[in-house]
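Input: a single structure, listed below in structure tokens.
The values are calculated or read from the model by the stated rules, or taken from the named source; none is laboratory data. This one's a predicted model, so the numbers in the text were calculated from it and none came from an experiment. Methodologically, a virtual Cβ is constructed for each residue, glycine included, from the backbone with ideal geometry; neighbour enumeration extends over all protein chains shown.
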Amino acid sequence: MAERIPKTSKELQNAIYDDFKRKVQDEAKKRAVSQHVDYDTFKNMVSVAHLRPLHAPCVQATAVDAMAPAWQFAADGTRQRNDETTSVNVELSSALPTAAPATSGDFQREWRRSCKTEEDKYKYLRLCGPATLRAIFKVEVGADLLGDMLQVIDAAWLTFASFAEDTSEGSALAEAAFVVSVLMALSDAGRFALTIRLLGAKAKESMRQLFHNISSAVAAAEAQDGSDALLSSENVEKLKGTYGAM
């Protein structure tokens, strides 16, 4: 078990927490650089991360018309439609999930078909929540899916934590507590030890990086009075052992 940080002066507590906040922001910036975007672009991306995409049926209909073959148009240039709900179907096919899944099959279908980006997938994990994840993966969570989830969490959670610190939407520590709760829920799946052994090298590397960053959050949390009970050295060290990330 990792040694707990003594709670000494208020200045030390603030310094540890500020260091964690800087780490959250620096990690997010590094990811933006790896995606070949400048800092201003990254700030713009983060500032709208919580917003849903705006779908304009009329614009989508125009785009569909532009790509339609010539024989689907009448002599006056108007398109001959057999189904007036074309634009609606296009919109629905690209919509993100709005309800938690009832089964693991439902989860995997939405995860692979509707959630196209790491950000979309992380939002879907937040929509599901730890309780749903624990329930639907009670029997087993596949190694490929678990590895995918670990990579998504590692890639996205610091960006959401940075956004929480820059706005009034929450805090970086609250986001870290959510990640810990998700990891705990997934670890309750059946035959989890076997699943961990089947993880690929890329997933294991993401897992190690994820726990490294979570440990920084724990150091910040333990320096704060009244911090989330999930963010404790005991919990994280136990999780490391369960995930084989020691």
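Quick notes on this one:
- One residue stands out in region 222-246 among those that are touching a residue at least 60 places away in the same chain (Cβ under 8 Å) and not hydroxyl-bearing (Ser, Thr, Tyr): the one that is surrounded by the fewest Cβ atoms within 10 Å (Cβ to Cβ), namely Asp225.
- Test: residue in region 145-165 that is more than 20 Å from Ile214 (Cβ to Cβ), part of a helix (DSSP H, G or I), in the same structural domain as Ser216 (by TED's automatic domain parsing) and at pLDDT 95 or above: yes
- Scanning region 194-217 for residues that are more than 19 Å from the chain's Cα centre (by Cα), aliphatic (A, V, I, L, M) and assigned to a helix (DSSP H, G or I) yields Leu194, Ile196, Ala201.
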